[in-house]
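Structure, as structure tokens:
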Amino acid sequence: MAEPTLTSAEAAARLGVKRETLYAYVSRGVLTRTLSLDGRTSLFDPDEIDRMRSARRRGAEGELGTVISSSITRVDDKGHSYRDIPVADLVDRRFEAVADLLWERTGPWTLSAKVLANVRAAQATLPPEVPMLDRMRLAVSVVSALDPLRHDQCVDAVCQAARSMLIAMVDGLPLANAQSPGSQELDDQNQQSGSLTDRLWNRLSPVDATKNQKACLNTAFVLLADHGLAASTFAARIAASVRADPYSIALTGLGTIGGTLHGAASAESHRFIQRAADTSPEEAVGQILSAGLRVPGVGHLVYKEVDPRQVILMQRLTAAWEGDPRLATVVELHKLVGERVAAPINVDFALGSLTWLAGMNPSVGEGIFVARTAGWVAHGIEEFGERPVRFRPTARYTGPAPVGVPEMQRQT
């Protein structure tokens, strides 16, 4: 390491920032300064300054370029694990138990009748065509507004808030077969004993399903409950770093999950399968390839060979819908895509297959992705134990320099 010989003015000039910005780096621990023998002059290591300048040029500025330590989920090409338990060993457990595992807390999965009534009243004001994800965001907002202790960061309180959110997002939705006599009353009775995903099925699909078919929805929830620092989870951790309440953390995740390249991606897979059913798998794939478009449901940033989540869910779907003539379309399309496209088939294809076979609307895949609420809350709890406001990237100003200000003195 070189001797700290750069003055603050020299160090700031080398970085192309103002001295105020330089000292902001020092206060955040990004840069180290040493006092000279006179005890007043700040000196900086030229090697450290040069490393920072190089990092900034690569776009890895501030603390967003750091590795975030987490003990929640391990993700690699073989699959992912929750608290060191392979997810493949958890898919037969209820989602509620897996969420409790992620939070390392157990507790009652209940929501007061008064709060649920308010959530349903708010939902009733919306027109029928409102997307499910918007309805779920509304449910979280209502529960938050009615919780005077929402800023309590005690782990047990945060977990109970998470349970309330998930129940409200599901039980607050209108039933898909609401015209059936007594359907709402029967569903309210099931709220005490039925699983969260069974109750969600009744809101996503008007089709009666077998026990194994409904279990596929629980499997999807378990597979999607967390997946490391995906975009929505990273966003949720940023919210937690500024000590947002658990409802705001979840809403941050819900805002990100709606992206067409994130939680909403399964809708295109659903429509892709429908095109294959209307024409043929060959015709559907051929149209995509001839137009030079990305084939829906393929490719992943982490998995380069196989997405283990889609393997598990596709196996469950194939078994649950065995004998259904529509399954042949899904299987043939899956096989053809695997043969013709180099990128691995991902979980969005499997999720689109589930929504299509279950007679659901293509857009409800993003609603199924609210299973990730369990992961967002787990990461929020973990982030509460870290130094607050630790995610503060530095913007590199690339606009025109103010008149009369040399290029090197632009503020970063």
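Once segment 70-98 is narrowed to residues that are β-branched (Val, Ile, Thr) and either assigned to a strand (DSSP E or B) or under 13 Å from residue 308 (Cβ atoms) (or both), the residue that is modelled with the lowest pLDDT is 75.
Once segment 119-133 is narrowed to residues that are of a type outside the set (A, V, I, L, M), surrounded by 12 or more Cβ atoms within 10 Å (Cβ to Cβ) and at pLDDT 95 or above, the residue that is farthest from residue 365 (Cα to Cα) is 120.
Scanning segment 313-372 for residues that are touching a residue at least 40 places away in the same chain (Cβ under 8 Å) and of a type in the set (Val, Ile, Thr) yields 329, 330, 337, 341, 345, 347, 355, 364, 368, 370. Would you point out which residue out of 368, 312, 381, 345 is in the same structural domain as residue 205 (by TED's automatic domain parsing) and touching a strand residue (DSSP E or B) at 6+ places or on another chain (Cβ under 6 Å)? After ruling out the rest, the residue left standing is 345. In segment 349-356, the count of residues that are at pLDDT 90 or above, surrounded by fewer than 20 Cβ atoms within 10 Å (Cβ to Cβ), closer than 20 Å to residue 284 by Cβ and more than 20 Å from the chain's Cα centre (by Cα) is zero. Restricting attention to segment 3-23, the residues being closer than 15 Å to residue 41 by Cα and either assigned to a loop (DSSP other than H, G, I, E, B) or among the basic types (Lys, Arg) (or both) number 4. On the given criteria, is residue 264 part of a loop (DSSP other than H, G, I, E, B) and under 26 Å from residue 322 (Cα atoms)? No; evaluated as a whole, the condition is false for this residue.
If you scan segment 198-250, which residues turn out to be in a helix (DSSP H, G or I) and of a type in the set (Val, Ile, Thr)? Within segment 198-250, 219, 222, 233, 238, 249 meet the criteria.
The values are calculated or read from the model by the stated rules, or taken from the named source; none is laboratory data. These numbers come from a predicted model, not from an experiment. Heads up, the Cβs are rebuilt from the backbone with ideal geometry, glycines too, and the neighbour counts pull from every protein chain shown.
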